[in-house]
1. Among the residues of region 159-204, which ones are surrounded by 12 or more Cβ atoms within 10 Å (Cβ to Cβ) and not in a helix (DSSP H, G or I)?
2. Condition check: at pLDDT below 90 and under 17 Å from residue 53 (Cα atoms). Does residue 239 satisfy that?
3. Does residue 263 meet the test of being over 18 Å from the mean Cα position of the chain (by Cα) and either farther than 18 Å from residue 149 by Cβ or buried (at least 23 other Cβ atoms within 10 Å of the Cβ) (or both)?
4. Please determine whether any residue of region 91-98 is surrounded by 15 or more Cβ atoms within 10 Å (Cβ to Cβ), more than 20 Å from residue 142 (Cβ to Cβ) and under 16 Å from the mean Cα position of the chain (by Cα).
5. Can you name the residue in region 219-238 that is part of a helix (DSSP H, G or I) and surrounded by fewer than 23 Cβ atoms within 10 Å (Cβ to Cβ) and, of all such residues, is nearest to the chain's Cα centre (by Cα)?
6. Select, from 248, 207, 244, 256, the only residue that is surrounded by fewer than 19 Cβ atoms within 10 Å (Cβ to Cβ) and in a helix (DSSP H, G or I).
């Protein structure tokens, strides 16, 4: 049995967390699993009886990214950066609801992508005004890192093991703890712990975050593949796409930060 994924969204789906569990094949299982009940039950729809595929996840992830790009471009073009804060709050709440309620509704997930696009558009505009050309560099960097992570996973050069998953999870806890402490410290001391001040420590911290996000992508690729093999219902393709997008947004912001540190030196 595999360990659960580092991605909170995927850990709440049984088929993602346990590749040995099969959904959708053989006789109806005697189980109280709500996913399997919905899949085999008399109320199952065409969205339940289809099986999720890698192609589903790829297409839906692309749709979410395009949605974010469009709303981000509108925000940037019309100087709607004043919407960034409310969009950030809505995105945070909606993201948590989707994760913990296991929502697979396309409308909710596309809405999440749209509001995140507003946030990214405003953030990108601020960085671009100060460091011309940095957004294109960050997009290229994000694409390169994501492609590299996919290559390392598909080629077998990095194998997802329980030990690796635990190490990444521990790294996530450490990263989030340091980020929160730095935020609190910045209220009392200018620059806080120096993790976002642009100095050598900030560069190391961003490099660590980028590496961590890359491993999160690799682990998520593995769990999505396991979900496909287990026959997860088709609607969870949206859920998997949402999970990938969360990591890609984090990766983009960290690369944007890192580039700004180098450009300001």
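The values are calculated or read from the model by the stated rules, or taken from the named source; none is laboratory data. Note that this is a predicted model, so its numbers are computed, not measured. Virtual Cβ from ideal backbone geometry, glycine too; neighbours counted across all protein chains shown.
1. 160, 161, 191, 192, 193, 194, 195, 196, 197, 198, 199
2. Values: at pLDDT below 90: no; under 17 Å from residue 53 (Cα atoms): yes.
In short, no.
3. Details: over 18 Å from the mean Cα position of the chain (by Cα): yes; either farther than 18 Å from residue 149 by Cβ or buried (at least 23 other Cβ atoms within 10 Å of the Cβ) (or both): yes.
In short, yes.
4. Start the filter on region 91-98 by keeping residues that are surrounded by 15 or more Cβ atoms within 10 Å (Cβ to Cβ), which leaves 91, 94-95, 98.
Narrowing further to those that are more than 20 Å from residue 142 (Cβ to Cβ): 94, 98.
After this cut, where a residue has to be under 16 Å from the mean Cα position of the chain (by Cα) as well, the list is 94, 98.
Yes, region 91-98 has at least one match.
5. Going residue by residue through region 219-238, those that are part of a helix (DSSP H, G or I) are 219-229, 236-238.
From what is left, the residues that are surrounded by fewer than 23 Cβ atoms within 10 Å (Cβ to Cβ) are 221-222, 225-226, 228-229.
On the way: 221: 11, 222: 14, 225: 16, 226: 18, 228: 18, 229: 21 Å.
Among them, the one singled out is 221.
6. On the way: 248 fails: surrounded by fewer than 19 Cβ atoms within 10 Å (Cβ to Cβ); 244 fails: surrounded by fewer than 19 Cβ atoms within 10 Å (Cβ to Cβ); 256 fails: surrounded by fewer than 19 Cβ atoms within 10 Å (Cβ to Cβ).
When all the criteria are applied, what remains is 207.
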